[in-house]
Each structure stands twice: as structure tokens, then as C-alpha cells.
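The values are calculated or read from the model by the stated rules, or taken from the named source; none is laboratory data. Keep in mind the model is a prediction, meaning the values are calculated, not measured. Note that we place each Cβ from the backbone using ideal geometry, even for glycine, and neighbour counts take in every protein chain shown.
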Amino acid sequence: MNPQENASRFAIAPLAGFVEGLFSAAGLDYDKAAMVAEILIEADMMGHSTHGLALAPAYLDAATTGSMTRSGEPDVVVDRGACITWRGKRLPGPWLTARAVDLALDRVKTYGTVTVAISDSHHIGALAAYLPRATRRGCMLMIASSMPSLAGVAPFGGTRPVFTPNPMAAGIPTEGDPILLDVSASITTLNMSKQLAKAGKHFPQPWALDTQGNPSDDPDVVIRQGGTLLPVGGLDHGHKGYSWAILVEALSQGIAGFGRADGPAGTSVSVFIQVIDPDAFGGQAGFKRQMSWLGDACRNNPPRPGVDAVRVPGERASALKRQALEEGVALSPSIVAGLSIWADRFSMKWP
């Protein structure tokens, strides 16, 4: 799937106002509507098209039907300065997560490291979309998330789904563009599987198992037939992705004290956020020097046959974002169509 194929470009400010208007019309508080629009568009600018405005119709449906809480504040379970836990109450995930990142950034100069755990959030979108909030301030940010109300990934050697893809992301500042990681514990995501199944397409390789444990490249096996995505490492080394999935569940659900053991239904997301200020350790200059050296060592590594050049994680996202800022954000016809349905419903016009 090529998200840039037949895409149209839209100026960011008018598009953000339009999307914010959609969410306001769906009943979200102004600040929540604005933040959801910002984070979804940020994801599209960075090339994460499956987790950008492609999610907006589902979010709007959740807001209008009541499965997403449209107004209010999270419950503060614990606040010990550098350690905070919130019960998210199904409030919009982009708003909750961005707010938690900003809170951690406000406090990190005092504490050096600040950690926020959020339980029972609504869907939070692409983890990568939050990373620049920290890296542009010279801080490192780590985010991990899981959805205890859903399962689509079996433990290594098993056939029954237990986990979600359980992504982990990190934003690492350097002397140039930041290093941006956003990777899942499964070979692919449930959202990508849904989009492929809807389009009648298959995975490039057997990335799934059916209920009998047979490898399959058919996303329908996971989406409609009770099968499972394979963890990172696949049939040979999937114990690595399996271990990673457990770690993310511990960070996002275990630390928050709420998760799969409680049997939540619907869309209930658990989030782990940690901001690190290098100045509290070896210093920001030293941190950036080390990470810049590492990035250069990777880029200058001789590529293997068939590879043009070695890239650093986030390099493409930074380039796409610069292009989007200059030329507008690229949206596929399917994304435009999904937003247009809601624009018609709310009697709104495209910018």
C-alpha cells in the first residue's frame, strides 16, 4: 500500500481548523478537539498514514455515540511529582497523551526524569506523533502503549491472541534531526491488517497464524477468523517480540494498576510515558554528541547489495514533515472521502 499514491495535498493550518471543527461539532471540548486534530495531522505529516486522519472517522463515531468521553478531566490516582498516574476515563487519547507529555516536560527540569502512567484512555494514534514535543526541547521521550480490551497477538508458540501489537516509541535528540523510533512487538499492526483486508490485499509474507497454528498471509485470518498476528521475529525468533509485548504490558498496564486482569470492554488503552532530561545526567551537549556520532556511523555504514543507503529511524519522517510544512500534508482519496462524510453530516465545507 502506498499512502502517497493519488494523494492530494492540503495546507496544514486550514486543514487543522477544519478537522478541529469536525471534532468540536462532535461534542469535544475546544482544547480536546484542537489537540486531536494536531496529533492526527502530525502523524500524517510524518508518513504514519494508517494512524493519522484515517482514524478520524472512527474517533468521530466514538465521540458521537458516547464511547469516547468528550468533556472533563482524568482522575489523578497518584501524583508524587516525578511519578504520576491517571485514570483516563475514555477521554480522547491524543489529548490525554499530549497533555501528559507536556506535564512531564514541565517537571523534568526539576526531577530529571518524569514518568506518567495512564489507564483507560481512548485510542491514542501514532506514538511517533508525540516525540517531537520532547526532542525539540532537548529531552528524550519514551512512550509505550497497549490495549487491554483487545487481543490480536498470541504468545510465541501459541495460537490464541493475548496481546495487542504493543508499540514502543522513543524520541532521541541529536545535533541535527532527532532519531525517532516507533515499532511494534508484532510484525504488523491490527490497523494495517484491517486496511489490507478491506482492500482485499494480503500481507507480503505469512505474518499471521490461523486458529490451528498454520502460517497465513491473509489478514482476514486475524480480523474475522480468530487467528493471530505473529510477534516480531516470526516463527523463528518470535520469542523476542513476545518478550517485548510482556514488557510493554508491564510498563503500560502493570504500573498503572489497571489492565487485562480487569476485563475492560470497548476501547481502553494503557499508556506509559517517560521524559528524560540529559542535563540531569551527563549533560545535553554530551548526549547529543554521542547520539550524533552514532547516527553518522549508521548512515555511513556501507549498504548491502540492493540497499541504496543506510537510514536512521525517523529520517524519512523528518523529511516528509519538512515537505508537508512546505507543500501541504498528503491525504489519500480514501482519507478525504472518510472526512467528507462527516463534513456533510455537520454541514461543513473543506477548507
Q: Restrict the check to segment 306-315 and report whether at least one residue is touching a residue at least 60 places away in the same chain (Cβ under 8 Å) and among the acidic types (Asp, Glu).
A: yes
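This table checks each residue for (1) farther than 13 Å from ALA169 by Cα; (2) surrounded by 20 or more Cβ atoms within 10 Å (Cβ to Cβ).
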| site | (1), (2) |
| --- | --- |
| ARG90 | yes, yes |
| LEU96 | yes, yes |
| GLY112 | yes, no |
| ILE118 | yes, yes |
| HIS122 | yes, yes |
| LEU127 | no, yes |
| THR135 | no, yes |
Q: Of the conditions (1) surrounded by 20 or more Cβ atoms within 10 Å (Cβ to Cβ); (2) outside any helix (DSSP H, G or I), HIS202 clears all except one; give me its number.
A: (1)
Q) Out of all the residues in segment 5-13, is one or more surrounded by fewer than 19 Cβ atoms within 10 Å (Cβ to Cβ), closer than 24 Å to PRO313 by Cα and not hydrophobic (A, V, I, L, M, F, W, C)? A) yes
Q: Might you let me know whether segment 27-46 holds any residue that is crowded, with 17+ Cβ neighbours inside 10 Å, closer than 27 Å to PHE203 by Cβ and either in contact with an Asp or Glu (Cβ under 7 Å, 6 or more places away or on another chain) or not assigned by TED's automatic domain parsing to the domain that holds ILE341 (or both)?
A: no
Q. From the residues in segment 231-248 that are hydrophobic (A, V, I, L, M, F, W, C) and under 17 Å from PRO206 (Cα atoms), which one is surrounded by the fewest Cβ atoms within 10 Å (Cβ to Cβ)?
A. LEU235
Q: Kindly provide the set of residues from segment 216-240 that are outside any loop (DSSP other than H, G, I, E, B) and either in contact with a strand residue (DSSP E or B) (Cβ under 6 Å, 6 or more places away or on another chain) or in contact (Cβ under 8 Å) with a residue 40 or more places away in the chain (or both), ordered by number.
A: SER216, VAL221, VAL222, THR228, LEU229, PRO231, GLY234, GLY238, HIS239
Q) Could you count how many residues in segment 249-271 are over 20 Å from the mean Cα position of the chain (by Cα) and surrounded by fewer than 18 Cβ atoms within 10 Å (Cβ to Cβ)? A) 5
Q. In segment 174-199, which residues are buried (at least 24 other Cβ atoms within 10 Å of the Cβ) and assigned to a loop (DSSP other than H, G, I, E, B)?
A. PRO178, SER184, ALA185
Q: From VAL329, VAL269, VAL275, grab the single residue that is in contact (Cβ under 8 Å) with a residue 40 or more places away in the chain, in contact with a Gly (Cβ under 7 Å, 6 or more places away or on another chain) and β-branched (Val, Ile, Thr).
A: VAL269
Q | Any hit, segment 156-169, residues being surrounded by fewer than 17 Cβ atoms within 10 Å (Cβ to Cβ), under 23 Å from the mean Cα position of the chain (by Cα), modelled with pLDDT under 95 and of a type outside the set (Ser, Thr, Tyr) | A | no
**Q.** Residues located in segment 296-342, provided they are touching a Leu at 6+ places or on another chain (Cβ under 7 Å) and part of a helix (DSSP H, G or I)
**A.** ALA317, ILE335, LEU339, TRP342
**Q.** Any hit, segment 16-25, residues being more than 18 Å from ARG345 (Cα to Cα) and either part of a loop (DSSP other than H, G, I, E, B) or in contact (Cβ under 8 Å) with a residue 40 or more places away in the chain (or both)
**A.** no
